[in-house]
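Let me begin by presenting the structure, written as structure tokens, before commenting on it.
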Amino acid sequence: MSLNLAEDCGCETAPGLVSLDEAVARGVGLATPVAETEDLPLGAAVGRVLAAAVASPLPLPPFDNAAMDGYALAAADLAGDGPWLLPVAGRVPAGAAAAPPRPRGAALRILTGAPVPADCDAVVMQEHVVRRGDAIRLDRRPAAGLNIRRRGEDLPA
């Protein structure tokens, strides 16, 4: 499809106005291929053009992790209509190598960036629960995948 902005806008008599196709052709005509390459440290490469695709040796994030501070849980543990009261069975700090096991029917306190336990399908933000001693109360059923950044979501290996 070719657009002629001069005709479409009714200003075909404006001096120096060219069609979109002509403008693109002029721009492409000004571009020249990069013939030489050099290896530079990242800090010295600002404003440069990449000569090859950048590849990551591992996925980012490297594991499923919490996108928010909150509570990791399995939505299947929430039977019937809410509100639900779940015991808090442990804590998963950011930087942990792995999440501790989570007893069925319990939640784990989890911090942003911490690994999500394999049997958990949601992280409920701390602002969306009421903490009562060693338990939390939820008023809404969380959707699967809520506040979880999946392995490789930002960048595959």
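The values are calculated or read from the model by the stated rules, or taken from the named source; none is laboratory data. In this text the structure is predicted, and so the values were computed from the model without any measurement. We place every Cβ from the backbone using ideal geometry, glycine too, and count neighbours over all the protein chains shown. Side chains included, ligands, DNA and RNA excluded: accessible areas come from the protein's heavy atoms. Shrake-Rupley method; radii C 1.70, N 1.55, O 1.52, S 1.80 Å.
Brief remarks follow.
- Selected residue [modelled with pLDDT of 90 or more, open to solvent by less than 40 Å² (accessible area, probe 1.4 Å) and either over 29 Å from Ala157 (Cβ atoms) or of a type outside the set (Val, Ile, Thr) (or both)] from Ala99, Ala25, Ala114: Ala114
- Residues (modelled with pLDDT of 95 or more and either in a strand (DSSP E or B) or charged (D, E, K, R) (or both)) located in segment 102-111: Ala107, Leu108, Arg109, Ile110
- Residue in segment 30-49 that is at pLDDT below 90, within 30 Å of Arg149 (Cα to Cα) and open to solvent by 60 Å² or more (accessible area, probe 1.4 Å) present: yes
- Selection count where residues are surrounded by 12 or more Cβ atoms within 10 Å (Cβ to Cβ), outside any strand (DSSP E or B) and among the aliphatic types (A, V, I, L, M), scope segment 123-157: 1
- Test result for Asp64, surrounded by 10 or more Cβ atoms within 10 Å (Cβ to Cβ), among the charged types (D, E, K, R) and out of contact with any Leu (no Cβ under 8 Å at 6 or more places or on another chain): yes
- Residue in segment 77-85 that is under 21 Å from the mean Cα position of the chain (by Cα) and crowded, with 17+ Cβ neighbours inside 10 Å present: no
- Residue list for segment 62-106, filter: in contact with a Ser or Thr (Cβ under 6 Å, 6 or more places away or on another chain) and among the acidic types (Asp, Glu): Asp69
- Single unsatisfied condition, Gly70 versus (1) more than 25 Å from Glu153 (Cβ to Cβ); (2) in contact with a strand residue (DSSP E or B) (Cβ under 7 Å, 6 or more places away or on another chain); (3) small (Gly, Ala, Ser): (1)
- Restricting attention to segment 50-61, the residues that are surrounded by 10 or more Cβ atoms within 10 Å (Cβ to Cβ) and at pLDDT below 90 add up to 2.
- The listed residues are Ala44, Ala89, Ala53, and the only one of them that is under 25 Å from the mean Cα position of the chain (by Cα) and at negative phi turns out to be Ala53.
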